[in-house]
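Asker: The structure follows.
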Amino acid sequence: TETVAARYYGSTTTIGTGLTTIIPPTKDYDTHGAYNASTGQFTAPVSGLYRASAAILGPSLSWVASEALAGSVFINAAQHTDLFNVYAQATYTGRMGAQGSATFRLLAGDAVLFKMSQRSSAAIDVTNSYLDYFMIERVGN
């Protein structure tokens, strides 16, 4: 199995209530140069089974019960799978964080995006941190 792996982190994206593409600009590693740091798109260089993982740490806000963060993987512009969906169970002030992963099959040339949405009283800014990342790796044929 040929190794294909990319990890990018940090983001200054503002997430509205609709789906927002998260674009971490800072490269940790990218074995094939398959990630476009301007668009957030990963293009599979080799067909196979891939695992995508993402994490996000929201800013310190006053969260109201039932406000939420959700993250999904899109393949070729279609929503494929949810990585996470977390919500405030009670009103509190602090950070909301989430992480998740999913495994799926890609063909060479398939385009992958990580998108988020949130449900709160105002748009939120994603912190620019090593903890905010999108990572994808080929795990099999």
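The values are calculated or read from the model by the stated rules, or taken from the named source; none is laboratory data. Everything numeric in this text was worked out from a predicted model, so none of it was measured. Don't worry about glycine lacking a Cβ; one is built from the backbone with ideal geometry, like all the others, and counts go over all protein chains shown. What goes into the accessible areas is simple: the full protein's heavy atoms, side chains included, and nothing from ligands, DNA or RNA. Shrake-Rupley method; radii C 1.70, N 1.55, O 1.52, S 1.80 Å.
Asker: Figure the gain on full extension for ALA123 and SER38 (residue separation times 0.36 nm, minus the Cα-Cα span) and round it to one decimal in nm.
Answerer: Stretched fully, the ALA123-SER38 segment lengthens by 28.4 nm.
Asker: Still on this structure, I have one more. In whole Hz, what ³J(HN,Hα) sequence does region 15-21 give by Karplus (6.51, -1.76, 1.60; θ = phi - 60°), x for Gly and Pro?
Answerer: Using θ = phi - 60°, the values come out as 9, x, 7, x, 5, 10, 6 Hz.
Asker: ALA55's amide H: which non-local residues (gap 5+, or another chain) put their own amide H closer than 5 Å, with H modeled 1.01 Å from N in plane and none for Pro or chain starts?
Answerer: Distant-sequence amide H within range of ALA55: TYR133.
Asker: Run the accessible area of the chain with a 1.4 Å probe and give the carbon-and-sulfur part as a rounded percent.
Answerer: Within the chain, the accessible surface is 48 percent carbon and sulfur.
Asker: Taking H placed 1.01 Å from N in the peptide plane, check which residues at least 5 places from ILE22 or on another chain put their amide H under 5 Å from its amide H.
Answerer: PHE114, LYS115, MET116
Asker: Moving on to the next point. Give me the net charge for the shell around SER117: Cβ to Cβ below 12 angstrom, other residues only, Lys and Arg +1, Asp and Glu -1.
Answerer: Its environment carries a net charge of 0.
Asker: Would you mind working out the accessible area per residue for the chain, using a 1.4 Å probe, and quoting it in Å²?
Answerer: 47
Asker: Further question: Residue by residue, what Karplus-based ³J(HN,Hα) values in Hz, rounded to whole numbers, does region 103-110 have, using 6.51, -1.76 and 1.60 with θ = phi - 60° and x for Gly and Pro?
Answerer: Ordered by residue, 3J(HN,Hα) equals 10, 7, 8, 10, 9, 3, x, 5 Hz.
Asker: Something else about it: Rank these residues by their accessible area, most exposed first, probe 1.4 Å: GLU137, GLU2.
Answerer: Listed by decreasing accessible area, they come as GLU2, GLU137.
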